Each structure stands twice: as C-alpha cells, then as structure tokens.
1. Does any residue of region 20-33 turn out to be modelled with pLDDT of 90 or more, more than 26 Å from R193 (Cβ to Cβ), within 21 Å of the chain's Cα centre (by Cα) and part of a helix (DSSP H, G or I)?
2. Going by the structure shown, is R137 of a type in the set (D, E, K, R) and buried (at least 19 other Cβ atoms within 10 Å of the Cβ)?
3. Mind checking which pairs have a first residue in region 21-50 that is in contact (Cβ under 8 Å) with a residue 24 or more places away in the chain and under 16 Å from D125 (Cα atoms) and a second that is charged (D, E, K, R) and assigned to a helix (DSSP H, G or I), Cβ under 6 Å, 6 or more apart or different chains?
4. Determine whether R47 is modelled with pLDDT under 95, surrounded by 18 or more Cβ atoms within 10 Å (Cβ to Cβ) and assigned to a loop (DSSP other than H, G, I, E, B).
5. Please enumerate the residues belonging to region 2-24 that are surrounded by fewer than 20 Cβ atoms within 10 Å (Cβ to Cβ) and closer than 14 Å to M214 by Cβ.
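The values are calculated or read from the model by the stated rules, or taken from the named source; none is laboratory data. Everything numeric in this text was worked out from a predicted model, so none of it was measured. Here the Cβ is made from the backbone with ideal geometry for all residues, glycine too, and neighbour counts use every protein chain on show.
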Amino acid sequence: MLITLSGLDGAGKSTLIEWLRSALQEHGYGVAVLHMNDDVGVYAYLRRGRDRLLRLLGRTVPRRSAARPPGARGGALRRVRNAVVWGHALRRCIYPIDLLIVALHRLYLERLTKRVLVMDRYFYDTLVDLSNGGPRRGNRLLEMLTPTPDVPVLLDVPPERAFGRKGEYSVDYLERRWTAYQAVFGRVAGCVRLPDTEPQTARASLWQVVTARMPGAPGLRGADRQGS
C-alpha cells in the first residue's frame, strides 16, 4: 500500500506522517517512510554521492536545507544555482527516471517486505514545481505516467497559515503553489483533501480513509486510534 502526503511547506506533513507511522505499527504493520526529495530519485542519489565525497575529503557537508527550489529565500548566487538545478527542462527529463526508481522501491518495500510505504511528498509535488503558477501542456503526459497512490493526500493549508508556521518562503510564492496544488489534485482520482483543522480531526479523517482502503485488514478499522 502506498500513502502519499503533499502540500505546502509548513502544512504539517512530517507531524502527520510520524503519527500515521506509529498508528500503523501499533496495529502490526511494517512501515517505511521515504522523503521524495531526500531519499529517492536522481537528485537524492547525487546529493548522497556528493556528501560521501566531501566526507572523504574532510570537507563540510552542506545542510539539506541548502538544496531548495527557486522561491526559497537566499542569496543571488544560490538563486541562480537553484534556477539551473531545478529548471523545468532538466526536471522533466529526470521525471521518468525517478518514476522507475520509485517503482523499484515499491516493488521491494510493498511486495517483497510487505510494508506500507508512506511518502513525504510525491510526484504531484514535482508537478506543482513544474507548473510555475499555471498548468503546462508537457505536464499532462507526466501526469498520465504517474501511478496513483492508494491514498493520495493533500494537506490543504492556506498559504498565510503555512507561512506563519515555517516562514521559509514568501506568501506570494506559497499562494502560487497553493493554486497549482488545487489544479494538480483536481485530476487525482481518490484524492483525500485534509483541511487545516485540529490535529485530532485530521488524524481521524486520514485514519478512516486508510482503514477503508487497506487490503484485507478488517481488524484495522478500530476507532481507538482515530482520535489519539
């Protein structure tokens, strides 16, 4: 089973994922959590290779926050570098390779080790990056190639609230991304939209969907975890 959580920075994905991991493990399920940008894909592997090389050379390894897409606050040199590394043409070329990499992870984690795979971000977040304020024709083909998760979740948090929680990106940038998220997830079958509500309400809503879609797990439907 694949569960993905998408949304603005500051939407609360990490907190909800940690709760979901704990809830599933308490019901006897093995769980693997992967971050789309840090754990899988071409960029993630290149960063790992770079970090290992720097360690061998006795150099300082850059913080993960340094690898940020355009829109993040930073110096002019960093913005130029990010504009090249995160350019649309290059990312569209890498997208099919990342699809294959994720498929291999799914084969190993879901099929061979029988674990539930929870992903912090998914290809839908990449499509939002590539939208740049509005849909692009080239994105539609990528959408068609993207497998739909069993539970695709959008944390639908307003830009102002997300900015108040994290403050890493400007409100204007977050508003453009929020609009793009609405467009992308408007075409995702079975999309679960979690509004910016109390944590217990969001957990209960997510748990209800996960238990309903979990294959062959009637004992997982207990209400004891919904409000915890």
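1. No: zero hits.
2. Working: of a type in the set (D, E, K, R): yes; buried (at least 19 other Cβ atoms within 10 Å of the Cβ): no.
Answer is no for this residue.
3. Within 6 Å, the pairs are G41/D98.
4. On the way: modelled with pLDDT under 95: yes; surrounded by 18 or more Cβ atoms within 10 Å (Cβ to Cβ): yes; assigned to a loop (DSSP other than H, G, I, E, B): no.
Judged against the criteria, R47 is not a match.
5. L2
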